[in-house]
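Worksheet for the structure shown next.
The values are calculated or read from the model by the stated rules, or taken from the named source; none is laboratory data. Everything numeric in this text was worked out from a predicted model, so none of it was measured. Counting neighbours? That spans all protein chains shown, and the Cβs are built from the backbone with ideal geometry, glycine included.
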Amino acid sequence: MAQASLWLLRHAQPLIAAGVCYGQLDVPADPSATLQAGMRFAAAMPGGAMVRHSPLQRCEQLALSLQAPEAFLSMDARLQEMDFGRWEGQSWNDIGRAAVDAWSQDLYAHAPGGGESLAAMLARVRSALVESWQHDSRLGTRDVVWVTHAGVIRCVQWLLRYGHAQPSAPDWQLPAPGFGQWQQLPWKAHAAALQALA
């Protein structure tokens, strides 16, 4: 029998120009790409999984395409991408090198664009992760799916590897699945790390 896991599913390609900062900007994903991603993941997703999704429409679209029973589908604001404040909707070129450098020099505590710091984002993702471990998964005995964003997936990876440690810019080299792709993390393999986070 396969181990129960946390499945981290990234939304499909968003309908926004390349090079634009879109963190919590609520842009839709490409409908065709969303449908294809949903079909691919639904074929791999175990039955009876609890599905949590970011409230941003690019994630909600994909979560709804999975056709999970409504009782197992839940929106969770903690699964949103980072809030980039006044940077949202601007091109990275217009934001400018100086502003990005200021953020990278204090990656953990600086709030880019006056939005949300990585410290705040890690705290909310940790809260969601502990809840999913303790309650949604019933301490690792049930599959849980998060339909979410690259930034959230990187936060989960950091928390499971490094716990409460504070990352700096050189540390933040964590991979994330491509659009419409996913990562499977068996609960049992990460039980000690999850208990330390609780």
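A few comments on the model shown:
- In this structure, residue 115 does satisfy being touching a residue at least 24 places away in the same chain (Cβ under 8 Å) and of a type outside the set (Asp, Glu).
- Taking the listed residues 14, 46, 31, the one that is farther than 18 Å from residue 156 by Cβ and without any contact (Cβ under 8 Å) to a residue 40 or more places away in the chain is 31, with no other qualifying.
- The range 171-194 residues that are closer than 16 Å to residue 29 by Cβ, paired with ones that are loosely packed, with under 13 Cβ neighbours inside 10 Å (beta carbon under 8 Å, 6 or more apart): 182/44
- Residue match in the range 48-59 (condition: among the hydroxyl-bearing types (Ser, Thr, Tyr) and surrounded by 20 or more Cβ atoms within 10 Å (Cβ to Cβ)): yes
- Residue that is surrounded by the fewest Cβ atoms within 10 Å (Cβ to Cβ), among those in the range 146-173 that are among the aliphatic types (A, V, I, L, M) and in a helix (DSSP H, G or I): 169
- Reported count of residues in the range 174-194, each being assigned to a helix (DSSP H, G or I) and either touching a Ser or Thr at 6+ places or on another chain (Cβ under 6 Å) or of a type outside the set (Gly, Ala, Ser) (or both), is 3.
- Any chance residue 83 is of a type in the set (Asp, Glu) and surrounded by 18 or more Cβ atoms within 10 Å (Cβ to Cβ): yes
- Counting residues in the range 103-122 that are part of a strand (DSSP E or B) and either at pLDDT 95 or above or surrounded by fewer than 20 Cβ atoms within 10 Å (Cβ to Cβ) (or both) gives zero.
- For residue 89, the stated conditions hold: it is more than 14 Å from residue 7 (Cβ to Cβ) and either in a helix (DSSP H, G or I) or touching a residue at least 60 places away in the same chain (Cβ under 8 Å) (or both).
- Against the test of being at pLDDT 95 or above, surrounded by 14 or more Cβ atoms within 10 Å (Cβ to Cβ), in contact with a helix residue (DSSP H, G or I) (Cβ under 7 Å, 6 or more places away or on another chain) and among the acidic types (Asp, Glu), the options 30, 76 yield a single qualifying residue, 76.
- Residue 136 being surrounded by 14 or more Cβ atoms within 10 Å (Cβ to Cβ), in contact with a Ser or Thr (Cβ under 6 Å, 6 or more places away or on another chain) and in contact (Cβ under 8 Å) with a residue 40 or more places away in the chain: no
- Scanning the range 63-73 for residues that are more than 15 Å from residue 36 (Cβ to Cβ) and touching a helix residue (DSSP H, G or I) at 6+ places or on another chain (Cβ under 8 Å) yields a single hit, 73.
- Qualifying residue in the range 123-141 (condition: in contact with a Lys or Arg (Cβ under 9 Å, 6 or more places away or on another chain), within 22 Å of residue 45 (Cβ to Cβ), part of a strand (DSSP E or B) and polar (S, T, N, Q)): no
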